[in-house]
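Everything below concerns the one structure shown next.
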Amino acid sequence: MKRRTITQITTLLLLISTIVCIITGIIKWPGLIPALGLTYQQVPLALMTTIHDWSGMVMMALIMAHLYQFRAMMKHMVRGLIQ
């Protein structure tokens, strides 16, 4: 696969995992479920917690891959800031 394609796939997966992590984090927000008129029995919080934790771990791995993919650009930017 081409480098650009791999970067695009990494970016797309990073976006998806970030969105999933944000949505599950909002659902888990303390006090939100009662404020919406729901009960904790109606919302599968254990499942939400598992999805939230795993999407955060996937996001962390993808961030590290993304930083590795753009390491040359970051080195160039840091050099420019230092000079």
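Worth a mention:
- Selection over segment 46-83 of residues that are in a helix (DSSP H, G or I), more than 20 Å from Gly25 (Cβ to Cβ), under 19 Å from the mean Cα position of the chain (by Cα) and of a type outside the set (S, T, N, Q) gives a count of 5.
Each row is one residue, and each column tells you yes or no for (1) among the hydrophobic types (A, V, I, L, M, F, W, C); (2) touching a residue at least 40 places away in the same chain (Cβ under 8 Å).
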{"position": "Thr10", "(1), (2)": "no, yes"}
{"position": "Leu14", "(1), (2)": "yes, yes"}
{"position": "Ile19", "(1), (2)": "yes, no"}
{"position": "Gln83", "(1), (2)": "no, no"}
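- Condition met for Thr50 (surrounded by 11 or more Cβ atoms within 10 Å (Cβ to Cβ), modelled with pLDDT of 95 or more and in contact with a helix residue (DSSP H, G or I) (Cβ under 7 Å, 6 or more places away or on another chain)): no
- Any hit, segment 17-39, residues being of a type in the set (Val, Ile, Thr), in a loop (DSSP other than H, G, I, E, B) and surrounded by 14 or more Cβ atoms within 10 Å (Cβ to Cβ): no
The values are calculated or read from the model by the stated rules, or taken from the named source; none is laboratory data. Note that the structure is a prediction, hence the values are computed from the model and not measured. Using ideal geometry, Cβ is built from the backbone for each residue, glycine included, and neighbour counts are taken over all protein chains shown.
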